[in-house]
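Written out below as structure tokens is the structure these notes cover.
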Amino acid sequence: MAVGDYVNIILNQEGTAFISEIEDRKNYIIRRASNLSKQSHILAANLDQCMLIVTVNYPETSTTFIDRFLASAEAYRVPVKIIFNKVDAYNEEELHYLDSLINLYTTIGYPCFKVSARKGEGIDTIEKELKGRITLFSGHSGVGKSTLIKAILPDIEIKTGEISTYNKGMHTTTFSEMFPVPGNGYIIDTPGIKGFGTFDMEEEEIGHYFPEIFKVSADCRYGNCTHRHEPGCAVREAVEKHYISESRYASYLNMLEDKEEGKYRAAY
């Protein structure tokens, strides 16, 4: 059972209850266990959207991590919005990089938002996006998820942490928790995650979960093109012409390599 599941319960005469049935899930977000075993971890179920909280520094969120998360969300049909936090802390070069990332992901189709949870900047826009929706908050430890939730829901008890001297986040949330928000919505807060290994994904499917790669791949010479070395590959041509970003293509290849090395395990 996962946070977000709908269940039927039966009350007994002693005033306690037990779960009699878990209803079918409309979707879920799942990640492979970090020890490369066959275990998986369902982060949450029955989601209307995910908000991936990222930081370009303090700590840095890599495009590889962002792309793995987005691909997994595509696989399980969960829309994602990207929240760029700590905009108050960045220098000019970091802000320029931030804007280039926003341009990249907005062009692909992922809505992006700039916020400073610590200073309360951009919070009202996020609050509007939460109304009437069940939203999963996810991201690395240290990106400010707890601070952002605290800014949205100032009355709740939630820990906020510091960044270590190694520019890594330290865990403040240890289990997933659901909070009601004004406007008939819910936030599901999850523990910070270091990596995102996609679970139960076939090699030929990986390109389907990169929308811009999937769209261009229709013009490849071969239907089973892996977009690495085949002649007549429309995807590699699009990368060379900068229609597809090199970072996204690198993330796609990185996920293919994981598959070849046996890092993705089949579900039980």
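The values are calculated or read from the model by the stated rules, or taken from the named source; none is laboratory data. Note that the coordinates shown come from a computational prediction; the quantities given were computed from them, not determined experimentally. With ideal geometry, Cβ positions are generated from the backbone for all residues, glycine too; neighbour counts draw on all protein chains shown. We work out accessible area using only protein heavy atoms, side chains counted, and drop any ligands, DNA or RNA first. Shrake-Rupley method; radii C 1.70, N 1.55, O 1.52, S 1.80 Å.
Assorted remarks:
- Highlighted here are the helices (runs of 4 or more DSSP H) found entirely within the range 62-138 that include at least 2 residues which are out of contact with any helix residue (DSSP H, G or I) (no Cβ under 6 Å at 6 or more places or on another chain), without any contact (Cβ under 8 Å) to a residue 24 or more places away in the chain and within 30 Å of HIS242 (Cα to Cα): 92-108.
- Residue check, TYR58 in a loop (DSSP other than H, G, I, E, B) and on the phi > 0 side of the Ramachandran plot: yes
- Looking only at residues of the range 223-260 that are touching a residue at least 24 places away in the same chain (Cβ under 8 Å) and assigned to a loop (DSSP other than H, G, I, E, B), we find that the one that is most open to solvent (accessible area, probe 1.4 Å) is TYR243.
- Considering the range 1-42, and only residues there that are assigned to a loop (DSSP other than H, G, I, E, B) and among the aliphatic types (A, V, I, L, M), the residue that is modelled with the lowest pLDDT turns out to be LEU36.
- Boolean, TYR110 is under 18 Å from THR190 (Cβ atoms) and out of contact with any Gly (no Cβ under 8 Å at 6 or more places or on another chain): no
- Residues of the range 47-77 that turn out to be open to solvent by 10 Å² or more (accessible area, probe 1.4 Å) and either within 18 Å of TYR186 (Cα to Cα) or over 11 Å from the mean Cα position of the chain (by Cα) (or both), as a count: 11
- Test: residue in the range 98-107 that is among the charged types (D, E, K, R), crowded, with 19+ Cβ neighbours inside 10 Å, more than 16 Å from LEU130 (Cα to Cα) and modelled with pLDDT of 95 or more: no
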